[in-house]
Amino acid sequence: MGLWELFRVFAQIGLLSIGGGYAIIPFIQELVVLQEGWISQQTFMDIITISQMTPGPLAVNTSTWVGLQIAGMPGAIAATFGCVLSGVILSLGMHQFFHRFHQSDYMLETLQVLRSSSLGLIVSAAATLLLGIFLRTNAISLAAKIDWIAIAVFAGSLIVSRKWKLNPMLIMVLAGMVGGLVAY
């Protein structure tokens with residue numbers, strides 16, 4: 001697998017990333033983990049976790065980390081450039097199109113359908129992440145091992161976030177410490 005192949009796959013991801021970062025997670029997983037087999041499911045879950053903690057758009061961060069994992073710094077550059085380039089070109093074209101047809105009822109209906117589709121993709125990404133974290137699998141399985149510690153940390157983070165409005169970075173640091181203590 002060369003840098004051109006990495007660029008091509010992430011250009012495809014960037015081109016089809018309707019709905020933003022969370023909506024594109026299942027698509028990245030499908031291409032990189034399941035079809036190409038470049039990284040494992042566990043590595044992909046780790047990359048998603050790291051991508052959420054680093055500043056910047058999730059799809060771009062994920063592209064960078066996957067590229068880095070596969071081919072080092074040149075891979076990170078190729079994957080990131082592929083993901084961003086197609087999005088920039090598509091955005092410029094869409095801007096011209098929307099500027100021309102912004103009053104059209106058909107355009108408003110089309111955007112409503114795209115919003116609904118994006119919501120479905122985001123829910124799919126959430127299900128993928130939850131299954132991967134809580135059940136240590138990417139498919140619903142009765143034989144899957146439930147990770148009760150992950151569920152407890154998730155619930156605790158949710159409660160602390162909603163009740164005491166702590167800084168999200170502090171919650172992530174505390175959750176990481178809990179995970180480190182449990183693993184130790």
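What the table shows:
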read-out	value
Estimated [θ] at 222 nm from DSSP helical runs (n ≥ 4, -39500 (n - 2.57)) normalised by residues in the chain, nearest 500	-26500 deg cm²/dmol
Using θ = phi - 60° and Karplus 6.51 cos²θ - 1.76 cosθ + 1.60, couplings along region 109-115 (whole Hz; Gly, Pro as x)	5, 4, 5, 4, 5, 5, 4
Ranked packing of 159-169, 31-41, most packed first, by mean Cβ within 10 Å	31-41, 159-169
Over the chain, equivalent-ellipsoid semi-axes from the Cα gyration tensor in Å	31, 22, 16
Extension gain, T110 back to K163 (0.36 nm per residue minus Cα-Cα distance, nm)	15.2 nm
Note, ³J(HN,Hα) from phi for region 39-55, Karplus 6.51, -1.76, 1.60, rounded to Hz, x at Gly and Pro	9, 7, 4, 5, 4, 4, 4, 5, 5, 4, 4, 5, 5, 6, 7, 8, x
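Readers should treat all values here as calculations from the given coordinates under stated rules, not as data from a laboratory. Given the structure is predicted, the values throughout are model-derived calculations rather than measurements. Using ideal geometry, Cβ is built from the backbone for each residue, glycine included, and neighbour counts are taken over all protein chains shown.
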